[in-house]
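First comes the structure, then the notes that go with it.
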Amino acid sequence: WASSSFLRHYDEAQILLKSQPQICAIGADGGQMPHAVQPTTVEDPDFRITIGGPDCRQPYRASVLNISGTSFGSFGARAIMAFNRGAKLGGFAHNTGEGSISPYHRIHGGDLIWQIASGYFGCRTAEGAFDPERFRLQAADPQVRMIEIKLSQGAKPGHGGVLPQAKLTPEIAETRGVPLGQDCVSPARHSAFSSPLELMAFVARLRELSEGKPVGFKLAIGYRHEFMAMVKAMLETGVTPDFIVIDGSEGGTGAAPVELSNHVGMPVADGLSFVHAILTGAGLRDRVKLGASGKAISAFDLCRFYALGADYVMAARAFMFSIGCIQARLCHTNRCPTGITTQDPLRQKAIDIIEKSDRVAAYHHNTMHALAELLGAAGLEHPGDVRPHHIHVRADDGQIVRGEPRAVQLVRGGLFGDAVPEVYRGDWQGARATSFNLVSA
């Protein structure tokens, strides 16, 4: 039998628990979707969105699920070819990762999103600065459908990147435009811009150099005022990115410091709902498409992201599984047992390009069909119809309730005037288009 003291403390704890607001936020996992009495029939599961704002002259009709950054160097040639052939077969996009566009990204002709990080690989001078002429020549390739500026990565935000010397082959060095015989380093910050205004100028410059292709950026959310400063720069200049990809701290990599992977960066559910809210509050949401990445595997994972504001999803982990990744966590050693993240030609023989690319396409095809089944059961027709109330979660008291966004949401224009919610007021007032630093009141 419990003592009277225990029972008293238990009763006090129960009273305290019941007095607290219920936590009903949609997270990165868990939950379920309600079903409709009259389900819909989704005839075509080839869900598409158009990416390209008012200043874009070559908008891209993208799938709502695409392959996230997979660099040649981090990945072997045969893995890159399997990904890109699969993307070609399935009609979706393949992000190059920051290692530039290799011959293996091109050989099968799948749509490419060219990612440009702080190392400016493939468009850099000998000193490592951005080279506009090299960029213009690469961006002219019709296979390049969009350009993504990588500001940070969810698995290691604020850290930059390193391709170890052991994995730097002559072919990779030529693709990236870097010298052999040393580690290939991406700095933690860009040299082409140092303020929100300069970032928007860089976006506009890349759009012009690429003859109007969609240009956007990818980031993990850190300080909220920094993103608000970017939004203020958009408002001041009239320049908006065509897309923004929010990378969550759940995002994976086989070569990141454990402390950064575990304790730095905002989870995708929090970052995505925050960015969706701020763009809406600034009246810019309809000009910018939102992508999300961070441990998305199943069709229901995609629905969670759509509910929080994503227009499309980028995934690498799931597509790696489709070609045989076993998460050995040896990516940085050049000894990947499945041949995926190694430059060792013998180990790469484990990858049958035709078989693996068929599996890449099959994963995408089957996931889109599963997504169509989920949407139909819920009485919906397109991923763009999913809202937070379509995701149900279990509250602290055990009840199944409608989900809520992780961040306080805003109406269009809600950041202007005196009605800015308290949770955003200090950061919004202290954000400046001229600096990433917060200005104290």
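Read-outs throughout are calculated quantities, based only on the coordinates presented, and are distinct from any laboratory measurement. Fair warning: this is a prediction, and the values are worked out from it, not measured in the lab. Here the Cβ positions follow ideal geometry from the backbone for every residue, glycine too, while neighbour counts run over all protein chains shown.
Can you list the chymotrypsin sites (Phe, Trp or Tyr not before Pro) in the stretch 378-433 that are in a DSSP coil and have 15 or fewer other beta carbons within 10 angstrom?
Hits after loop and neighbour filter: Phe416.
Of the beta bridges DSSP finds with both residues in the stretch 48-430, what % are antiparallel, to the nearest 5? Show your work: numbers first, answer last.
Values: 11 of 38 bridges.
Among the beta bridges of the stretch 48-430, antiparallel pairing accounts for roughly 30 percent.
Amide H neighbours of Leu330 under 5 Å, counting only residues 5+ apart in sequence or on other chains, H built in-plane at 1.01 Å?
none
If one takes the longest principal axis of the Cα atoms in the chain, at what angle in degrees, from 0 to 90 and to the nearest 10, does the Cα axis of helix 4-19 lie?
70
Divide by every residue of the chain the summed helix terms, -39500 (n - 2.57) for each DSSP H run of at least 4, and state the resulting mean residue ellipticity at 222 nm, rounded to the nearest 500 deg cm²/dmol. Please report the intermediate quantities before stating the final value.
On the way: 14 runs with 150 residues, N = 441.
Value at 222 nm, helices only: -10000 deg cm²/dmol.
Can you give the angle from 0 to 90° between the axis of helix 77-90 and the longest principal axis of the chain, with both taken from C-alpha atoms, to the nearest 10?
Computed tilt is about 60 degrees.
Could you put Ser186, Ser194 in order, starting from the residue whose Cβ has the fewest other Cβ atoms within 10 Å? List each step's numbers first, then the result.
Details: Ser186 22, Ser194 12.
Sorted ascending by nearby Cβ count, the order is Ser194, Ser186.
Within a 10 angstrom radius of the beta carbon, how do Thr70, Thr338, Thr169 rank from fewest other beta carbons to most?
Details: Thr70 24, Thr338 20, Thr169 16.
Result, fewest neighbours first: Thr169, Thr338, Thr70.
Can you give the angle from 0 to 90° between the axis of helix 353-377 and the longest principal axis of the chain, with both taken from C-alpha atoms, to the nearest 10?
The two axes meet at around 30 degrees.
Using the number of other C-beta atoms within 10 angstrom as an exposure proxy, rank Ser298, Ser249 with the fewest first. Kindly include the intermediate steps, with their values, before the conclusion.
Numbers: Ser298 13, Ser249 25.
So the ranking, lowest neighbour count to highest, is Ser298, Ser249.
Hand me the trypsin sites (Lys or Arg not before Pro) from the stretch 286-375 located in a DSSP loop with no more than 16 other Cβ atoms within 10 Å, in residue order please.
Sites meeting the loop and neighbour criteria: Arg329, Arg335, Lys349.
Per the Kirkwood treatment, what hydrodynamic radius in Å, one decimal, follows for the stretch 48-430 from the mean inverse distance over all distinct Cα pairs?
Numbers: mean 1/r = 0.0475 Å⁻¹.
Result for the stretch 48-430, one decimal place: 21.1 Å.
Calculate I(q)/I(0) for the stretch 69-128 by the Debye formula, one identical point scatterer on each C-alpha and no solvent, and give its log10 at q = 0.17 Å⁻¹ to two decimals.
-0.50
What's the longest piece of the chain with no exposed GluC sites (Glu not before Pro), counting a site as exposed if DSSP puts it in a loop and it has at most 13 other beta carbons within 10 Å?
Values: sites that count: Glu43, Glu127, Glu211.
Segment 212-441 is the longest.
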